1. Residues to consider are T107, T90, T101; find the one that is hydroxyl-bearing (S, T, Y), within 19 Å of D28 (Cα to Cα) and touching a Ser or Thr at 6+ places or on another chain (Cβ under 9 Å).
2. Could you please let me know if P358 is closer than 26 Å to I88 by Cβ and assigned to a loop (DSSP other than H, G, I, E, B)?
3. Looking at (1) within 23 Å of the chain's Cα centre (by Cα); (2) open to solvent by less than 70 Å² (accessible area, probe 1.4 Å), can you tell me which one S71 breaks?
4. Mind checking which residues of the stretch 406-418 are assigned to a loop (DSSP other than H, G, I, E, B) and either closer than 20 Å to L472 by Cα or not assigned by TED's automatic domain parsing to the domain that holds A348 (or both)?
5. Determine if the stretch 231-254 includes at least one residue that is on the phi > 0 side of the Ramachandran plot and of a type in the set (S, T, N, Q).
6. Which ones in the stretch 380-397 are touching a Pro at 6+ places or on another chain (Cβ under 8 Å), part of a strand (DSSP E or B) and open to solvent by less than 10 Å² (accessible area, probe 1.4 Å)?
7. So for the stretch 225-238 (the condition being more than 12 Å from the ligand (Cβ to nearest atom), under 19 Å from A44 (Cβ atoms) and either touching a Leu at 6+ places or on another chain (Cβ under 6 Å) or modelled with pLDDT under 95 (or both)), does at least one residue qualify?
Amino acid sequence: MFGGDDVEITPGMQHYIDRNNEYLARRDQYIRDVVKKWKFDTIAVHGLYSVQDAIDDYQGAIIEPIFMSASQAYRDSDEMAAALAYLIPTWCYSRIANPSTYYYEWTLALLEGYGFDGGTSCCSTSSGMAAVMTAVQPFLVHKRHHAHEPRNFLATAQCYGGTFQQFNVRLAQERDIECRWIQDPTNVDEWAARIDENTRFLYGELPSNPQQGFFDIAAVADLAHSHNLPLIVDATVATPALLRPICHGADIVVQSATKSLTTSGFGVCGAVIARHDIVTNIDVEDMKRDFALYIKYLPNRDYGPNLHPMQAIMTLNDMRTLRSKMDLLSRNTMRVAQHLAHHPQIEAVQYLGLPDHPLHALASKYMWLVDAEQDDLYRRPVNRYGHLMSFRVKGGPEAARKFFDGLQRIWRATDLGRIKSVATIPAISTHQQQGEYGRCLANVPPDMVRLCVGAEHPDDTIADLEQALARLKTKASLGAPARVS
Ligand SMILES: *Cc1c(COP(=O)(O)O)cnc(C)c1O
């Protein structure tokens, strides 16, 4: 497993290997017989950190300990040799692994794999962008060992600005790897027409930030697999509480865990979650079998985009209430979207939850509040669409900025996924670097306001939007915003 093939195994090393194999067998059984039978909320609260773990190893601490240690000490040279050859699952050095990130990774692997029959695993990363990079790089290696080998991949043009730059500048311009943008990802024929023998993967973001793009995951996954290619999905905006792409055929999911997974806003982090036995035309057995563990142990060991243990536990702590938070935040957003949809000063509202949104029916096929049938409040499946929406203010970019500057309680920030409502104008922030052409391709007009609705009472959020809109009608709008009383 992951190298170590040419390592000579001493009897002392074998002792550690046997002991760890017993531990792994116990862990797998615990996952299979106990954790996989839990509901989503229970997994989110506990993950793999058990009472037994706590008592045996962590002095009974009920919260996962934060291991602020760069490295791990070994009992003797046999244990060290076995560990560094990856023959036993110890953590050695925090760039490679760490007990705190371990619990974070397992919780995410189990949440993304909730309802999926096969195995899933997760590799934590220092940010969402590091997750995107980590997820795509292993597919871009030279297969034929010559420098001018043509390589391409397909990606939805409606995607996060940072992803657009990574693909368009870092990969396409700097490394000559062609990025084929998909304009209408709901059209499976458009995807199909762009695949050829040099294609390495299909990549899609949904719902997309900020435009609420969407596509038929199962259909695109089937297409990818029929060409022996993986489908990679950025499902940051949905979170596993509303959408788990692996259950619909995707091979790999990337998360900017910075966003709704860390609702508190306590820092930046990411994750790559993959099913076992992914589909790919890259012939590396370890990578196919367990992609997330492969990138964790090999490429990321060498590149170093690892997550800090402190951040891992901060995010893990936020994730425990993910389902109920995504429910509340989605309901609040629906209220705000409905209010703005009928507003005389608003041009267009983009929210997948609105019945007249062109992608509403498609999104409704995929976006469900997990375990709503088991929830006393609902007792039936319910659609939820997350807390990201966007809209255009009548009067063009100038009016949009005036409105934006008039917001009093809603924060002006390039951020989303917060417990607090946050708004931005993507054309001057998240999607500024990609220029006019890129924004046009991604459908980000200059007067678009992106709003991520928080957990405040929706009446108060609506009141703030209303007073900012009212400023557009009066001269008072020219002054600085008044202080909130
Ligand atoms: C923010 C974001 C990213 C990048 O994540 P960071 O944690 O900021 O690096 C990627 N995809 C989507 C959809 C995002 O919203």
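1. When all the criteria are applied, what remains is T101.
2. Against the criterion (closer than 26 Å to I88 by Cβ and assigned to a loop (DSSP other than H, G, I, E, B)), P358 does not qualify.
3. If we test S71 against (1) within 23 Å of the chain's Cα centre (by Cα); (2) open to solvent by less than 70 Å² (accessible area, probe 1.4 Å), just (1) comes out false.
4. Matches in the stretch 406-418: L407, Q408, R409, I410.
5. Going through the stretch 231-254, the residues on the phi > 0 side of the Ramachandran plot turn out to be 239, 249.
Restricting the remaining residues to those that are of a type in the set (S, T, N, Q) gives 239.
Scanning the stretch 231-254 turns up at least one residue that is on the phi > 0 side of the Ramachandran plot and of a type in the set (S, T, N, Q).
6. Correct list: L388, S390.
7. no
Residue-by-condition table, conditions (1) more than 16 Å from the ligand (Cβ to nearest atom); (2) assigned by TED's automatic domain parsing to the domain that holds H387; (3) touching a strand residue (DSSP E or B) at 6+ places or on another chain (Cβ under 7 Å); (4) in a helix (DSSP H, G or I):
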position: F167; (1), (2), (3), (4): no, no, yes, yes
position: L171; (1), (2), (3), (4): no, no, yes, yes
position: C179; (1), (2), (3), (4): no, no, yes, no
position: E197; (1), (2), (3), (4): yes, no, no, no
position: Y203; (1), (2), (3), (4): no, no, yes, no
position: F214; (1), (2), (3), (4): no, no, no, no
position: A218; (1), (2), (3), (4): yes, no, no, yes
position: A221; (1), (2), (3), (4): yes, no, yes, yes
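The values are calculated or read from the model by the stated rules, or taken from the named source; none is laboratory data. What you are looking at is a predicted structure, and each value in this text was computed from that prediction instead of being measured. Neighbour counts run over all protein chains shown; Cβ positions are idealised from the backbone, glycine included. These area figures cover heavy atoms from the full protein model, side chains too; ligands, DNA and RNA do not enter into them. Shrake-Rupley method; radii C 1.70, N 1.55, O 1.52, S 1.80 Å.
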